[in-house]
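The values are calculated or read from the model by the stated rules, or taken from the named source; none is laboratory data. In this text, all values refer to a predicted model and were calculated from it rather than measured experimentally. Here the Cβ positions follow ideal geometry from the backbone for every residue, glycine too, while neighbour counts run over all protein chains shown.
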Amino acid sequence: MPPVKKIVKEDILSAAANVIHKKGESALTVRNIAKELGCSTQPLYTEFKNLEQLRMELFDYIRQKYLHFRCSNYKEYAQKFLKFAKEEKELFRFLYLHKRDPGETLLDDANYDTTVELLSRNLEMPLELAKEMHRQMQYRCYGLGVMLATNYRDMSEEEISRELTSFYCIILRHYKAISREEELQYWLNRSRNLIL
C-alpha cells in the first residue's frame, strides 16, 4: 500500500487562501478547506486547535506570500500593494477590511525603515517628520486599495501611477511647505529615486 501523503500546515494555509480567493471569506470553513485539499478534516485539527487559530496564522501566511517584497523605490511598493488589491480582491478584504485590535498595523511595509530613512535624507527633514509623511502616503494608498478591492473604482496601471505621483506631490508640498512650482520640481528631482 502506498504511503499516505502527509498534509502539513503550509498545505492547509495555502488551501485556505485558495478558498478565500475563489469564494470569499464567508466560505472559509474547515470543510471547505478540507475539500480544497481533497482530504478529511482530521489533518486540519492536527495542525490547528480550531478555525480561529487557522485564521490568525492565515493573516501572516497571506502577508508573507503576497505582500512581502523588496522594492527599488517608494512608488513601486505602493504599485505592488495596489496590484494585490486589484487582482486579489477577496484576500485584500480578508486582510484589511476586518475589525482590528488596538495598535495593529495598517499596512505591511517590509521597506519601512529604509523608506523613512531615504525620505529623511533626500528631503532633508527630521526622521520623525519623514515618518509622518510616509504615514500620510500609507493612508492614501490604503484608501485607494479599498476602492480597488471593493470595485468602487477600477484603474489601469497608468492611472494608478499618476494617482500615486499626485499623492506624493500633494504631500511633499505640505511637508516641505512648498509654494512655488520651481521649488516643487527641485524636491521632486531630489527624491527621484523614490518615485520613478
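General observations
- The selection criterion, being surrounded by 15 or more Cβ atoms within 10 Å (Cβ to Cβ) and under 17 Å from the mean Cα position of the chain (by Cα), does not hold for L129.
- Residue among R100, R162, R153 that alone is farther than 29 Å from G24 by Cα and under 21 Å from the mean Cα position of the chain (by Cα): R162
- A single member of I171, I160 is of a type in the set (V, I, T), in a helix (DSSP H, G or I), over 24 Å from E87 (Cβ atoms) and assigned by TED's automatic domain parsing to the domain that holds K80, and it is I171.
- When L123 is tested against (1) under 12 Å from the mean Cα position of the chain (by Cα); (2) more than 25 Å from K9 (Cα to Cα), just one condition goes unmet, and that condition is (1).
- Residue among E76, E88, E47 that is buried (at least 19 other Cβ atoms within 10 Å of the Cβ) and not β-branched (V, I, T): E88
- Residue check for I160: without any contact (Cβ under 8 Å) to a residue 12 or more places away in the chain, over 17 Å from R121 (Cα atoms), surrounded by 13 or more Cβ atoms within 10 Å (Cβ to Cβ) and not basic (K, R): no
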